Amino acid sequence: MTDEYNRGFPVTKEEQVKIKEWIAGHGAICDKVAGAIGGQFDYIFTPTSVGVLGKIQCSKCKENFIFKDL
């Protein structure tokens with residue numbers, strides 16, 4: 001519970017592994033240059049009545065990766 005609270009977002013450890021893999025793979029194929037501090041990816045959370053949806057969007061090419069679906 002403390003780990004979830006410290007992260008601030010409802011991301012499980014398994015989802016975090018998938019996110020890191022996608023970011024590494026996307027960085028290799030996206031020909032756009034990321035910002036100086038690595039602000040290329042936006043985390044987007046959408047609350048619903050049955051849970052929270054989560055996705056990451058590349059701010060350069062707008063490609064999405066859904067890591068949390070219902």
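A few notes on this one:
- Annotation: extensible slack from residue 49 through residue 70 equals 6.5 nm (criterion: 0.36 nm per residue apart, minus Cα-Cα distance).
- Nearest-10 value in Å² for the accessible area of residue 29, using the 1.4 Å probe: 120
The values are calculated or read from the model by the stated rules, or taken from the named source; none is laboratory data. Everything numeric in this text was worked out from a predicted model, so none of it was measured. With ligands, DNA and RNA removed, areas are computed over all heavy atoms of the protein, side chains included. Shrake-Rupley method; radii C 1.70, N 1.55, O 1.52, S 1.80 Å.
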